[in-house]
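For reference, the structure discussed in these notes is given below.
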C-alpha cells in the first residue's frame, strides 16, 4: 500500500511539473472513481488524487465516473447542453443521458435551452 501511495504521489508530481495540455482528472480516494472537470463530483471532499490522463487513473486502480465518462474522448464539436426533443428536458453535454436517441437539440448556453422551452434535467443539474 505504501508503494502504491508513493507511485501515486510521483505520478501526480510528474503531471504537475510537465505541464501537460490535457485536462486534469480528480480521483475519489474512497470510491476509487475518477472525474473530469465538467462533472458535478469533480470537487468532492474525497477527490484528492490527481491524474493527467484516464490511463494514469486506471493504472492506479481507479474506474471512470459513469456520469461524466472521463475515459471517452469528447468530440470537438460537442454541444455544452443537449435537449431531448421528446421530453423537452436538457442535459449537460457530459451527462450520461445526453447520448439518447431523442437528444438531438444542441445548445451552447443554458439560457439558450431555457429560451427554447426546455427544462433542466434532474440528473446532471444543468
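Values in this text are rule-based calculations from the coordinates and carry no lab data. Everything numeric in this text was worked out from a predicted model, so none of it was measured. Counting neighbours? That spans all protein chains shown, and the Cβs are built from the backbone with ideal geometry, glycine included.
Shown for 82, 33: other C-beta atoms within 10 Å of each C-beta, ranked fewest to most, produce the order 33, 82. Once C-alpha pairs closer than 8 Å and six or more residues apart are averaged by separation and normalised to the residue number of segment 81-120, the relative contact order reads 49 percent.
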